Amino acid sequence: MIQAIQKLQHPFQKGTLDAIPISISTFVFGAIFGVVSIQSGLTVLESSFMSFFSFAGSAQLSVLQLLGQTGFFTLFMTTFLLNARHLLYGLSLSPYVQNENKTTINTIAFLLSDSLFVLANAKLKKEPIQSSYLIGAGLVVYLAWGVGTAIGAYFAHFMSSDKTYGLEFASTACFILLVISDLTSWRRVFTIILCAVFVLVSYTFFPTGFLLLLSGLVAFVIGYFSSEDV
């Protein structure tokens with residue numbers, strides 16, 4: 001009965017429902033960003049606007065550390081390089097949206113995030129994906145991030161301003177949890193271990209954002225040429 005109901009669901013509705021579990025961690029991550037942003041000197045309104053208009057996750061956390069210490073160009077390049085991995089995400093999903101109009105493609109591009117990409121990959125293992133599914137799931141993740149930020153920023157006023165509670169690492173922890181759930185073969189474990197070694201060896205030679213893009217390319221090359229039996 002449940003399977004029959006699921007088959008009757010519109011892809012948009014299916015996307016919103018599938019995104020709810022992963023949006024819980026996104027909400028928590030957003031609340032963490034809200035707390036850190038207040039501790040960095042932003043207001044609740046500024047923090048909320050930043051999340052709703054940029055929707056950039058880890059890039060937003062990195063920019064917080066640079067506010068008031070550097071110029072616009074550095075902020076722009078930091079954001080650009082940290083988000084460069086989305087170019088790889090877009091290339092991966094482009095075959096499924098290439099026939100859509102520009103408005104739909106631009107909407108998906110804006111909503112594309114680490115969480116949505118993980119969700120889309122999981123969906124593609126079972127069946128082809130549709131643009132309305134991506135938009136439905138992306139909207140849920142987007143709202144979870146923005147609302148989480150606003151709530152976190154508001155309640156940050158009730159926390160001690162001289163403590164960070166180690167929240168800066170929480171974003172990394174959330175992403176690690178997303179990655180672990182996708183390690184379904186030795187080939188993927190092998191790929192992520194080699195990428196981790198590459199990052200550890202190279203992090204002193206490249207800026208963080210550029211290194212993220214390079215590590216993504218390394219993962220692609222390793223995954224492409226490694227055997228399915230690894």
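The values are calculated or read from the model by the stated rules, or taken from the named source; none is laboratory data. Since we're looking at a predicted model, the values are computed, not measured. Every residue, glycine among them, receives a Cβ derived from its backbone with ideal geometry; neighbour counts consider all protein chains shown.
Run down 33, 52, 29 and say which single residue is closer than 30 Å to residue 157 by Cα, modelled with pLDDT of 90 or more and of a type in the set (A, V, I, L, M, F, W, C).
Result: 52 is the single residue among 33, 52, 29 that is closer than 30 Å to residue 157 by Cα, modelled with pLDDT of 90 or more and of a type in the set (A, V, I, L, M, F, W, C).
Residue-wise test of (1) over 15 Å from the mean Cα position of the chain (by Cα); (2) outside any helix (DSSP H, G or I).
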{"position": "23", "(1), (2)": "no, no"}
{"position": "27", "(1), (2)": "no, no"}
{"position": "41", "(1), (2)": "yes, yes"}
{"position": "49", "(1), (2)": "yes, no"}
{"position": "66", "(1), (2)": "yes, yes"}
{"position": "74", "(1), (2)": "yes, no"}
{"position": "80", "(1), (2)": "no, no"}
{"position": "90", "(1), (2)": "no, no"}
{"position": "95", "(1), (2)": "yes, no"}
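Residue 40: small (Gly, Ala, Ser), at pLDDT below 90 and at negative phi, yes or no?
Against the criterion (small (Gly, Ala, Ser), at pLDDT below 90 and at negative phi), residue 40 qualifies.
Being surrounded by 14 or more Cβ atoms within 10 Å (Cβ to Cβ) and not hydrophobic (A, V, I, L, M, F, W, C) is the filter here; which residues of the stretch 70-85 pass it?
The answer is 78, 79, 83, 85.
Just to check your reading of the model, which residue among 198, 190 is modelled with pLDDT of 75 or more, outside the structural domain of residue 82 (by TED's automatic domain parsing) and closer than 26 Å to residue 77 by Cα?
Criteria check complete, one pass: 198.
For the stretch 98-124, name all the residues that are in contact with a Ser or Thr (Cβ under 7 Å, 6 or more places away or on another chain) and farther than 19 Å from residue 18 by Cα.
Once the filter is applied, which keeps residues that are in contact with a Ser or Thr (Cβ under 7 Å, 6 or more places away or on another chain) and farther than 19 Å from residue 18 by Cα, the stretch 98-124 yields 100, 104.
So in the stretch 86-109, with the set limited to residues that are of a type outside the set (Ser, Thr, Tyr) and surrounded by fewer than 11 Cβ atoms within 10 Å (Cβ to Cβ), which one is farthest from residue 35 (Cα to Cα)?
Selected residue: 99.
Which ones in the stretch 49-78 are out of contact with any Ser or Thr (no Cβ under 8 Å at 6 or more places or on another chain) and over 20 Å from residue 28 (Cα atoms)?
Of everything in the stretch 49-78, those that are out of contact with any Ser or Thr (no Cβ under 8 Å at 6 or more places or on another chain) and over 20 Å from residue 28 (Cα atoms) turn out to be 68, 69, 70, 71, 72, 73, 74, 75, 76, 77.
So which pairs qualify, if the first residue must be in the stretch 53-67 and closer than 22 Å to residue 138 by Cβ, the second must be among the β-branched types (Val, Ile, Thr) and modelled with pLDDT of 80 or more, the Cβ gap must be under 7 Å, and the two must be at least 6 apart or on different chains?
The qualifying pairs are 61/36.
Name the residue, out of 40, 54, 48, that is polar (S, T, N, Q), crowded, with 19+ Cβ neighbours inside 10 Å and either assigned by TED's automatic domain parsing to the domain that holds residue 152 or in contact with a strand residue (DSSP E or B) (Cβ under 7 Å, 6 or more places away or on another chain) (or both).
48
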